[in-house]
1. Can you tell me which of B:Leu303, B:Leu318, B:Leu255 is on the phi < 0 side of the Ramachandran plot and outside the structural domain of B:Pro379 (by TED's automatic domain parsing)?
2. Write out, first by first residue and then by second, each pair whose Cβ atoms fall under 9 Å of each other, whose residues are 6+ apart or on separate chains, and whose first residue, in the stretch A:243-256, is basic (Lys, Arg) while the second is surrounded by 18 or more Cβ atoms within 10 Å (Cβ to Cβ).
3. Count, please, the residues in the stretch B:204-221 that happen to be free of Cβ contacts under 8 Å to residues at least 60 places away in the same chain and either within 14 Å of chain A (Cβ to nearest Cβ) or of a type in the set (Lys, Arg) (or both).
4. Quick test of your reading of the structure: B:Ser374 fulfils all but one of (1) polar (S, T, N, Q); (2) at the interface with chain A (Cβ under 10 Å from one of its Cβ atoms); (3) closer than 21 Å to B:Ala294 by Cβ. Name the failing condition by number.
5. If I filter the stretch B:161-185 down to residues being assigned to a loop (DSSP other than H, G, I, E, B) and away from chain A (no Cβ under 14 Å), which single residue comes out as modelled with the highest pLDDT?
6. Testing A:Pro379 on (1) within 14 Å of chain B (Cβ to nearest Cβ); (2) out of contact with any Leu (no Cβ under 8 Å at 6 or more places or on another chain); (3) closer than 21 Å to A:Met215 by Cα, one condition comes back false. Which one is that?
7. Would you be able to tell me the number of residues in the stretch B:286-304 that are in a loop (DSSP other than H, G, I, E, B) and closer than 17 Å to B:Ser217 by Cα?
8. Filter the stretch A:305-339 for residues that are of a type in the set (Gly, Ala, Ser) and not in a loop (DSSP other than H, G, I, E, B); which is surrounded by the fewest Cβ atoms within 10 Å (Cβ to Cβ)?
2 protein chains.
Amino acid sequence: MKHLTGGVCAPKGFVASGTSCGIRKTGKKDLALIVSQKRAAAAGVYTQNLVKGAPILVTQKHLANGYARAIIANSGNANTCNANGIEIAEGMCELVEKYTGIYASDVIVASTGVIGQRLSLDPIANGMSALMMGLGSNSSDAAEAILTTDTVRKEAAVSLELGGKTVKIGAIAKGSGMIHPNMATLLVFTTTDAAVAPALLQKALELAIQDSFNMISIDRDTSTNDTAVILANGMAENAEIGSENADFAAFLAALKALYIHLSRLISKDGEGATKLLECRVTGARTDADARVAAKSVICSPLLKCAMFGSDANWGRVLCALGYAGADIDVAGVDVTFKSEAGEIKVCENGGGIAFSEEAAKTVLSAPEIEIAVSLGGGPGEALAFGCDLTYDYVKINSDYRS
Amino acid sequence: MKHLTGGVCAPKGFVASGTSCGIRKTGKKDLALIVSQKRAAAAGVYTQNLVKGAPILVTQKHLANGYARAIIANSGNANTCNANGIEIAEGMCELVEKYTGIYASDVIVASTGVIGQRLSLDPIANGMSALMMGLGSNSSDAAEAILTTDTVRKEAAVSLELGGKTVKIGAIAKGSGMIHPNMATLLVFTTTDAAVAPALLQKALELAIQDSFNMISIDRDTSTNDTAVILANGMAENAEIGSENADFAAFLAALKALYIHLSRLISKDGEGATKLLECRVTGARTDADARVAAKSVICSPLLKCAMFGSDANWGRVLCALGYAGADIDVAGVDVTFKSEAGEIKVCENGGGIAFSEEAAKTVLSAPEIEIAVSLGGGPGEALAFGCDLTYDYVKINSDYRS
């Protein structure tokens, strides 16, 4: 597996575009389009929040047959909790049909931004010409157009060999606040030129997400608009993956690696974040216990504040493990803080051990911190992604709408 | 039912004291003692965190027989995750026996503060004389001695008539961060001169807590040391409450009112808080659904930030209801913000309605905000307590240990 540039345009047969159509007053790009030359197998997972953005309902309908060809997405307005939300989401798909000839029913639609404000179709209609003119290897423009409070674009691509053919997978993502994915995630648009049957594509997507985006939490608020979709247009000409064979395993491994890379990018760019936090749990009785434990640690506001202050307050790690709801023997817990600046063990068998506060401060002052938790001798392990809780998170969210 | 002053010393036969013994370097009071003249029926509930402070294990042992006479508590160190924690907690009870003659096995012990630092018995032993000299109607001193990052004392007392006798109930509490009680709460010490059999006292305690302390969340971090205990010494000479009769109902109603009063005080004094938030959910299918929904709203970091900024971002209320896990028809949700400055409806049937942003800002600029959520026509309702999320929460917790 190799890492590539080019994002969603790295795989064969995909073009993308991003423009500013005026939904956002700042002039930031706010409308994105991704198009496949050929109709593609398609799969999606969505938020488990009972309040769902209207675009999700429309996308679910369009993906029911397992195929699609284009993705349109806007930022600046989530098109959620609006009386005319479905009408607008369908209108966006119809605009794509009008300009590209792709059936509206083969278009995936997504929106992100403020909840509960009406979205007008006018700026989107006005932006379509510019969007069409921009279509090309412009993954970065599309990646920029879906950002909200994000400060950096999230793009990645990889290639792998399947039966003598080079297959590529590319993705763009967004997400900085209201990030606590549950069975789905943020916005993630993935393209691949691999040939994969829709059912297997859905399975690969769900498995890859379980260990990547679903292990992120920025603020424990599960969004109403989380959507991850993947389009596989088969233009790499590999033998279609139609069962859980070796090709499926290789494709899944590449997809998971791509998503973990994006998960780290997203967590590091969490609203107000100054540090990426990763909690690696080993020795749990099961992977499920490890996931619950790792996510509980990454979610603790108190620990997140301590990490912001480079304070080795490991008692908060123990506290979060204790209320996680996993099957844990607290008397067997070890905790070590790790970073590029070194590592320091702070807790052994559930109790404190002597350590240098100065050395701990050095370790915790790095921009990427790993909280390594050993729960004992079990086979279960997991990795969760988060960030510190800072003044800027409060600042960003105390006046988000204006 | 009448509200009284005097806290835990309002009921007959209880004295209290608080002193500074030097566990905390600041000179703030850090050691409290409450004593009943007579042996009292006693009941307790404790954190459900798997990591439990050593004092909880000792208190559970001492309360196994349903009776106790004294409470000793320190702040500044949680005596949790320490190799010698049990020894220290038992040592604190033995100090009470040495100075008062009350059997150590009739002493309740509690600690609150940093987790994972060794607690020495020395300052406590040195402080005992001053603590004994201070015993009297000094509920406020005891209330002060158990505070950590709290900025105000939490004390309350009520009286009620039971069978022609006046019965009093008093309580002190602490809690400002790591507050997300689960089946127990913070530290709450309650005294009453009512005669109540231990089993009924336990039942009243659990029922009163369900609708009060267990409905608070400051930061979703369930503490390792949450402890609520009640002593009933019978000196009011009412007929002992031995069944769920009318007297039990009256006693429970008074206890619940007292605890809701304290829950509001605690929430308003949450770490860094500038505003008390209350979420009142009505029209749910069941009370259990209402409780889950109300607590989810009060916990949302994004909503808490919006309330800090007086921003009527009601989409975040809908979002939190959607992921709560309760059985909710999101298309039937109404949301109204209320305060002393007025009230303003912002969402009807799950969708936005026109409202004056200026008027909303006025309503939300008050120090106590009610978020009123109607879920439909069901009989279930609940009230949850929380506070806004501010810069100061981050400040307090990014360097708590130093």
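The values are calculated or read from the model by the stated rules, or taken from the named source; none is laboratory data. Every value quoted in this text rests on a predicted model; they were computed, and no experiment measured them. Because the Cβ atoms are built from the backbone with ideal geometry, glycine has one as well, and the counts that use them run over all protein chains shown.
1. Values: B:Leu303 fails: outside the structural domain of B:Pro379 (by TED's automatic domain parsing); B:Leu318 fails: outside the structural domain of B:Pro379 (by TED's automatic domain parsing).
That would be B:Leu255, the only listed residue that is on the phi < 0 side of the Ramachandran plot and outside the structural domain of B:Pro379 (by TED's automatic domain parsing).
2. A:Lys256/A:Ala204; A:Lys256/A:Ala208; A:Lys256/A:Ile209; A:Lys256/A:Ser212
3. Final tally of qualifying residues: 2.
4. Exception for B:Ser374: condition (2).
5. Within the stretch B:161-185, the first condition is being assigned to a loop (DSSP other than H, G, I, E, B), and the residues that meet it are B:163-164, B:175-185.
With the extra rule that they be away from chain A (no Cβ under 14 Å), the set shrinks to B:163-164.
Numbers: B:Gly163: 89, B:Gly164: 92.
Checking each candidate, the answer is B:Gly164.
6. Result: A:Pro379 fails condition (1) only.
7. Quick first cut of the stretch B:286-304, residues in a loop (DSSP other than H, G, I, E, B) only: B:286, B:300.
Then keep just the ones that are closer than 17 Å to B:Ser217 by Cα; that gives B:300.
Residues that pass the stated criteria total 1.
8. From the stretch A:305-339, those of a type in the set (Gly, Ala, Ser) are A:306, A:309-310, A:312, A:315, A:320, A:322, A:324-326, A:331-332, A:339; that's our starting set.
Cutting the leftovers down to not in a loop (DSSP other than H, G, I, E, B) gives us A:306, A:315, A:320, A:322, A:331-332, A:339.
Details: A:Ala306: 25, A:Gly315: 28, A:Ala320: 28, A:Gly322: 26, A:Ala331: 12, A:Gly332: 15, A:Ser339: 18.
Selected residue: A:Ala331.
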